[in-house]
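The values are calculated or read from the model by the stated rules, or taken from the named source; none is laboratory data. As the structure is a prediction and not an experimental result, all values here were calculated from the model. Cβ coordinates were reconstructed from backbone atoms using ideal geometry, including for glycine residues, and neighbour counts include every protein chain displayed.
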Amino acid sequence: VNATQAIVVRVTRMAKESTLSTLVKLIERAGQAKPQLSLWADKVAAWFVAALLVFAVVIFGVWQWVDPSRAWQIAVAVLVVSCPCALSLATPSALAAATDRLVRQGVLAVQPHVLETLYRTTHVIFDKTGTLTLGRPAVRDIAVFGADDAARCLSLAAAMEASSAHPLAHAIVEAAAKAGGQGGVTVSGIMHTAGQGLEAEAGGLRYRLGSGTFVAEIAGSPAPQAAGGFTPVYLGTEGGWLARFDLADEVRPDAKEVVAHFQSHGKNVILLSGDEEGVTRRVAAELGIATAHGEFLPDQKLAFVQRLQREGAVVAMVGDGINDAAVLKAADVSFAMGSGAALAQTHADTVLLSGRISSVVDAYRAAAQTMAVIRQNLAWATIYNIIAIPAAAVGLLNPWLSGIGMSVSSAVVVINALRLRRIPRVTSASPAGQQVLKAA
């Protein structure tokens, strides 16, 4: 994170080689491939057509013996009424409608198997930083050691950090703004010490804000013990300690709801992170995740997922960083945050362009509804053929009625699939999520 100096950037590639262009190429490639369900439907339709042709020849022969004047008419009626359009459309029409819906919700599926694999998922694994959390620090707690209250200490710290571009400084200023501003505190003579903190004067007293060792030089005693799982920022003055600000990565507002949703549907939710164990377990406890592992390197994440797969698990992985690229590629179905690293996006099956972690829930709901619609379409196509083919074979349907029946059958399948394009009304979404749905 560059927070202090201007940088010079040299553009070395054309726009057609950009990340966006790469994603577009992935989408085009995915559009040319077929998911397993569609391949299965095509095979069934192929066998169905072969069996139908044999059946039509047999029916023609029977009627040629019974009533030669009707033989050709009935054979044509059998062929027309049993056109495998409904069977062939049952799966791809549902998948196309669901994919269109997800795109409008900010979920970009770049691989054809996403919906059918997500529906079968047994384990959902999340990265922490930038995935379940926003990837930026926030003040989570304030410990006061002096006579001033927490509000006064926060106002003083915010006034000292007002001109700093450091991420921790931004967190303190933002916390003060939410609490009601800087309370009229004015500081002067600000001096920055790189990697340590800053010193300033207010009301005739010198103050320091920063690391424990830096502030201890003016406070005259060792820094108070910091809480585990947090990044501490100390505030002190000549001869004493005033406060400690405990900062931690801010959890996404919709993360807890996402975890609870998958748990309620019988999925095993796991948190894997490269951050220290204490931080990882604190976030896991906050979100209600029972299984959490910290200090995991990329190869350890990969080995963890592969071990689950060898045990028969179907794994969905959600991540955003460069160190997640390998495990995203290895997972049965994977999601990359749209705000994450380009490498992670190009190795994931799905990109969450909306920036909401709850988009994973949107995808799962769409997958469940899609599988239900596919079953309905296949059931309808089967029932239709079981009834219509014998009716045509015994002479109850002539060719033009058979054509109408075939067209109605295909239309029913397509209309049923188009129901998937409707985006369900959001009752408990974050403001960002509501904006995405409103835009859609």
Original post:
Within segment 257-299, which residues are at pLDDT 90 or above and among the aromatic types (Phe, Trp, Tyr)?
Top reply: Phe262
**OP:** Tell me which residues, restricted to segment 345-382, are closer than 12 Å to Leu102 by Cα, among the aliphatic types (A, V, I, L, M) and either in a strand (DSSP E or B) or at pLDDT below 90 (or both).
**Re:** Val351, Leu352, Leu353
Subject >> Considering residues of segment 237-288 that are surrounded by fewer than 21 Cβ atoms within 10 Å (Cβ to Cβ), out of contact with any Asp or Glu (no Cβ under 9 Å at 6 or more places or on another chain) and β-branched (Val, Ile, Thr) only, the residue farthest from Phe126 (Cα to Cα) >> reply: Thr237
**OP:** Output yes when any residue across segment 55-77 is under 30 Å from Asp349 (Cβ atoms) and either at pLDDT below 65 or of a type in the set (Asp, Glu) (or both), and no when none is.
**Re:** no
Original post:
Just for strands (runs of 3 or more DSSP E) wholly inside segment 176-233: which have at least 2 residues that are surrounded by 17 or more Cβ atoms within 10 Å (Cβ to Cβ) and hydrophobic (A, V, I, L, M, F, W, C)?
Top reply: 197-202
Original post:
For Leu247, all conditions in the list (1) touching a helix residue (DSSP H, G or I) at 6+ places or on another chain (Cβ under 6 Å); (2) more than 23 Å from Glu286 (Cβ to Cβ) hold save one; what is the number of the exception?
Top reply: (2)
**OP:** For segment 319-327, state whether one or more residues are within 21 Å of Leu297 (Cβ to Cβ), buried (at least 24 other Cβ atoms within 10 Å of the Cβ) and touching a Lys or Arg at 6+ places or on another chain (Cβ under 6 Å).
**Re:** yes
Subject >> Neighbours by Cβ (under 6 Å, 6+ apart or cross-chain): first from segment 274-296, in the same structural domain as Gly321 (by TED's automatic domain parsing) and part of a strand (DSSP E or B); second of a type outside the set (Phe, Trp, Tyr) and surrounded by fewer than 22 Cβ atoms within 10 Å (Cβ to Cβ) >> reply: Thr291/Ile270; Ala292/Arg281
Subject >> segment 383-403, residues that are of a type outside the set (Phe, Trp, Tyr), free of Cβ contacts under 8 Å to residues at least 60 places away in the same chain and either buried (at least 18 other Cβ atoms within 10 Å of the Cβ) or assigned to a helix (DSSP H, G or I) (or both) >> reply: Ile383, Ile386, Ile387, Pro390
